[in-house]
Amino acid sequence: MPLPHEPIPDTAVSGRSRFAAAHAVLEQAIAESAFPGAAYGVLLGGEVVALDAVGRQTYEAYSPVVAHDTIYDLASVTKVMATTAVAMWLYDRGQLDLNVPLGEVLPGFVIGEHHDPLRVRVTLRHLLAHSSGLPGYVRLFEAHRSPAAIMRAALETPLEAKPGSRAEYSDVGFILLGKALEVLAGEKLDTLFSREIAAPLGLRSARFCPPHEWRTAIPPTELDTWYRKRLIEGEVQDENCYALGGVSGHAGLFAHVPDVLRFAACILAQGETFQGAQLFQPGTVELFATREQTPPGTPRALGWDTPGVPSSSGSYFGPRSIGHLGYAGTSLWIDRDRGLAIALLTNRTWPDRKAKLIQQIRPRFHDAIQDSIAGAISRI
């Protein structure tokens with residue numbers, strides 16, 4: 001299967017000069033070893049106005065140069081682009097009731113002699129809103145090797161809080177959500193995503209478990225010396241997702257920037273695809289993108305994050321903005337009021353996960369983009 005190469009739209013040709021300050025932020029980040037390379041894109045008013053890249057796949061001088069259409073491990077951006085999108089699709093078709101208890105869909109979550117009686121109160125909405133009471137992260141892969149054992153361990157993970165009482169970003173919650181969606185639809189998550197989300201949107205690179213022939217063109221995420229004990233390239237970095245076979249609700253999706261922006265364009269168009277079809281109903285987009293009211297002060301919408309103070313989105317994204325980060329160094333932020341989306345894909349975990357500078361780079365990069373847009377508007 002050949003790699004899906006993407007031409008640069010005419011509207012994005014001038015992006016390098018228009019967003020020179022943002023490009024310089026990424027160049028400086030590479031000089032400081034925040035990540036070896038990055039691809040990014042800007043969607044504004046329905047047009048791709050920037051599509052560019054900087055750096056290489058790794059820090060070695062012989063490493064391939066990153067291009068605007070280099071495919072990256074999206075990590076937790078999977079949660080919105082695949083899992084939340086499938087949830088929205090099922091919701092529109094009446095197959096997903098947000099208030100149904102998880103235990104009615106996955107009985108293994110509530111059946112068992114040691115289970116907390118509070119578990120019967122956990123709903124699919126709690127999972128989407130990260131308010132289920134489940135812990136943020138559990139190294140399920142350490143004690144369990146098979147996908148069935150991993151899923152059983154996820155089902156048996158103890159609650160750490162009363163459902164709905166706190167917002168705790170939870171990979172375990174989205175592992176269970178992904179499985180619940182499969183049960184509701186009667187199909188695997190990757191199949192649903194490919195047919196019902198990727199195909200209508202014309203996504204050419206976005207997929208779980210990329211084919212082997214793509215691997216050397218995908219920037220590696222890690223030189224694993226302790227678990228898989230090899231180079232991690234073209235396969236999901238997240239260990240729990242890997243142990244689940246590379247497909248899960250919390251991680252596993254790969255894509256390039258043009259496809260991430262196509263997805264964002266659909267959200268900004270109230271669920272309409274570039275071909276004019278209605279993939280999601282406008283009310284569904286609004287429902288999932290609206291910040292939850294409980295627990296009080298939560299920054300979470302359904303599947304999505306929203307800007308906090310401070311925020312990885314920088315200083316300018318409005319209160320109705322939504323976005324998500326990925327551990328490997330990826331992000332997507334969407335300002336629904338301004339018709340703006342910014343995608344940034346990196347492999348900041350190369351070679352050993354130690355680099356944390358991206359936490360400073362992301363807001364600076366987003367602010368530089370926004371400053372360039374505001375400057376252009378003020379000169380009109």
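Just a few scattered comments:
- Taking 7 Å steps out from each Cα toward its Cβ at Arg139 and Tyr59 produces label points 2.4 nm apart.
- Most fluctuating residue given options Arg139, Arg121, Arg56, as computed from a GNM of the chain linking Cα atoms under 10 Å: Arg139
- Local electrostatic count at Val105 - Lys and Arg +1, Asp and Glu -1, tallied over other residues with Cβ under 10 Å: -2
- Shape analysis of segment 95-185 based on the Cα gyration tensor places the equivalent ellipsoid semi-axes at 18, 15, 13 Å, largest first.
- The calculated FRET efficiency for the pair Glu104 and Ala199, based on their C-beta separation and a Förster distance of 22 Å, comes to about 0.15.
- As a proxy for reagent exposure, ranking Glu286, Glu60 by other Cβ atoms within 10 Å from fewest up yields Glu60, Glu286.
- Placing dummy labels 7 Å off each Cα toward the beta-carbon, the span from Arg215 to Ser165 is 4.6 nm.
- Simple point charges give the picture: +1 on the Cβ of Lys and Arg, -1 on the Cβ of Asp and Glu, and for the chain a dipole about the Cα centre of about 360 debye.
- Built from the Cα atoms of segment 221-380, the convex hull projects on average onto 11.6 nm², one quarter of its surface area.
- Of the residues Thr306, Thr83, Thr294, the one that moves most in a GNM of the chain with alpha-carbon contacts below 10 Å is Thr294.
- Those residues of segment 125-148 whose amide nitrogen sits under 19 Å from the label point placed on Asp116, 7 Å along Cα→Cβ: 125-140
- Proxy reagent accessibility, fewest Cβ within 10 Å first, across Lys354, Lys79, Lys179: Lys354, Lys179, Lys79
- For segment 34-105, the pair-distance distribution built from all alpha carbon pairs, in bins 5 Å wide starting at 0, is 3, 13, 13, 15, 16, 11, 9, 8, 8, 4, 1 percent.
- Asp371 paired with Ala24, simple spin-label distance in nm, labels 7 Å along Cα-to-beta-carbon: 0.8
- Ranked by how many other Cβ atoms sit within 10 Å of their own Cβ, fewest first, the residues Ser311, Ser17 fall in the order Ser17, Ser311.
- Axis angle, to the nearest 10 degrees, between helix 358-379 and the longest C-alpha principal axis of the chain: 50 degrees.
- Highest mobility in the GNM of the chain, judged by mean-square fluctuation with C-alpha springs under 10 Å and restricted to Ala61, Ala75, Ala12, is found for Ala61.
- The chain - Rg over Rh from alpha carbon coordinates, Kirkwood radius: 0.95
Readers should treat all values here as calculations from the given coordinates under stated rules, not as data from a laboratory. In this text, all values refer to a predicted model and were calculated from it rather than measured experimentally. When we count neighbours, we look across all protein chains shown, and the Cβ atoms used for this are built from the backbone with ideal geometry, even at glycine.
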